[in-house]
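Student: Before anything else, here's the structure in question.
Please treat every number below as a calculation from the coordinates, not as lab data. Because the structure is a prediction, the values reported are computed rather than measured. Using ideal geometry, Cβ is built from the backbone for each residue, glycine included, and neighbour counts are taken over all protein chains shown.
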Amino acid sequence: GDSVTQMEGPVTLSEEAFLTINCTYTATGYPSLFWYVQYPGEGLQLLLKATKADDKGSNKGFEATYRKETTSFHLEKGSVQVSDSAVYFCALGNAGGTSYGKLTFGQGTILTVHP
Amino acid sequence: ETGVTQTPRHLVMGMTNKKSLKCEQHLGHNAMYWYKQSAKKPLELMFVYSLEERVENNSVPSRFSPECPNSSHLFLHLHTLQPEDSALYLCASSRRQGTEAFFGQGTRLTVV
């Protein structure tokens, strides 16, 4: 079945540092890939997405490129802020032959950014 | 504002109580989901509804009973829960053909 593997956390960075959170997946067919962010006490918010190979999703300074050859969707940001402290989830959506979109999530990576 | 609203935000219940969680979406989506998020565990998909029909039940104990009366509302009825059921319960919805899900803010459930 489909699966998503994220780098283990927690990740601790200083403000303005470069961020990479690795994500790899296994799936059949042509899945869509997502990054979600969860701030303390909140639900998950869609951060960015990519629906086909070589697509780059971007939002709020975060980027991730859908790499089919390496089955990866790594999240990057050039300069993190304290407000980026949250839990980040990589997810895969594979509608396949079903009539709904089912998401498979990674285990989440906790990011803490210090001033 | 994500378009998916969950109530209540916090709930404390005894093991013999019966309570219900409510989820409402006005995004025109046809699929709705319940997820359980426990500390130090991955997100667990509990139930999936598509066009008000349950299409997936991931071996969830019968003390959790979902209900989807229409495409905009989803309930999770709870009875005789255990302390290990304490968690954040998240509702989500998605379009019929798409895979992008929108989440509510969750209900923090504590079973005492």
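Student: Across peptide B:101-108, how many C-beta atoms of other chains are within 10 Å of each residue C-beta, on average? Can you show the working numbers first?
Tutor: Working: counts 11, 4, 7, 3, 5, 5, 1, 1.
Across B:101-108, the average partner-chain Cβ count within 10 Å equals 5.
Student: Okay, moving on. If you take the square roots of the eigenvalues of the alpha-carbon gyration tensor of chain B and sort them as a ≥ b ≥ c, do you get rounded (a/c under 1.5), prolate (a/b over b/c) or oblate? Working shown, then result.
Tutor: Details: a/c = 1.72, a/b = 1.63, b/c = 1.05.
Prolate.
Student: Moving on. Under 8 Å for C-alpha pairs, at least 6 residues apart: give me the relative contact order for the stretch B:1-74, rounded to a whole percent. Before the final figure, lay out the partial values.
Tutor: On the way: 100 pairs, mean separation 20.1, N = 74.
This gives 27 percent for the stretch B:1-74.
Student: Rg(Cα) of chain A divided by 2.2 N^0.38 Å? Can you show the working numbers first?
Tutor: Working: Rg = 13.8 Å, N = 115, 2.2 N^0.38 = 13.4 Å.
Its radius of gyration relative to the 2.2 N^0.38 Å reference: 1.04.
Student: For peptide A:102-112, compute the average count of partner chain beta-carbon atoms within 10 Å of each residue's beta-carbon. Numbers along the way, then the final one.
Tutor: On the way: counts 10, 9, 4, 7, 2, 4, 5, 0, 0, 0, 0.
Partner-chain Cβ atoms within 10 Å, mean over residues of A:102-112: 4.
Student: Ok, one more. Using a 10 Å cut-off around each Cβ, can you sort B:Val111, B:Val4 from fewest to most neighbouring Cβ atoms? Walk me through the numbers before you get to the answer.
Tutor: Values: B:Val111 19, B:Val4 23.
Ordered from fewest to most neighbouring Cβ atoms within 10 Å, B:Val111, B:Val4 come out as B:Val111, B:Val4.
Student: Would you mind ranking B:Thr7, A:Thr28 by Cβ crowding within 10 Å, fewest neighbours first? Intermediate values should be presented prior to the final figure.
Tutor: Numbers: B:Thr7 13, A:Thr28 9.
By the 10 Å Cβ count, ascending, the order reads A:Thr28, B:Thr7.
Student: Among B:Met15, B:Met32, A:Met7, B:Met46, which comes first, second and so on when ranked by fewest other beta-carbon atoms within 10 Å?
Tutor: Going from least to most buried by this count: B:Met15, A:Met7, B:Met46, B:Met32.
Student: Put +1 on the Cβ of each Lys and Arg and -1 on the Cβ of each Asp and Glu in chain A; which of A:Gln81, A:His114, A:Gln38 then has its Cα farthest toward the positive end of the dipole?
Tutor: Comparing the listed Cα positions along the dipole, A:Gln38 ranks first.
Student: Here's another thing I want to ask about it. Please report the spacing between the Cα centers of the stretch A:1-17 and the stretch A:54-69 in Å, no decimals.
Tutor: Cα centroid to Cα centroid, the span is 15 Å.
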